[in-house]
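One structure is given here, and the rest of the page talks about it.
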């Protein structure tokens, strides 16, 4: 009889622990992801870099920049004249 009582207590404790781990607690705040940043205009980026260029200008990293490309074939004509 004592062994049966111990098994029941152990089973009850196990069920309580598992049930406690499954509760979601209604006050959880949902995770809201921000929208991705708008792509950077490539033409504007190049214009800004030409304006900021000097003999001692450091390179600019573009590894993480998402560019939007314009279809203007004459976009940089004024920069190269």
Run the simple label-point estimate for residue 77 and residue 29 please: 7 Å along Cα→C-beta, distance reported in nm. 5.4
Per DSSP H run of at least 4 residues, take -39500 (n - 2.57); add these up for the chain, divide by its residues and hand me the 222 nm value, nearest 500 deg cm²/dmol. -12500 deg cm²/dmol
Sticking to Cα atoms, compute the Rg of the chain to one decimal and its Dmax as the biggest Cα-Cα distance, whole number, in Å. 31.5, 99
In region 32-61, which residues have a backbone nitrogen under 12 Å from the label point lying 7 Å from residue 70's Cα in the Cα-to-Cβ direction? 41-48
Relative to the longest principal axis of the chain, what angle (0 to 90°, nearest 10) does the C-alpha long axis of helix 42-51 take? 60
Folded to 0 to 90 degrees: helix 2-22 orientation relative to the chain principal axis, Cα: 20
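Values quoted throughout were computed directly from the atomic coordinates according to the rules given, and no laboratory measurement underlies them. Keep in mind that this is a model prediction, so the values were computed, not measured. Backbone-built Cβ (ideal geometry, glycine too); neighbour counts: all protein chains shown.
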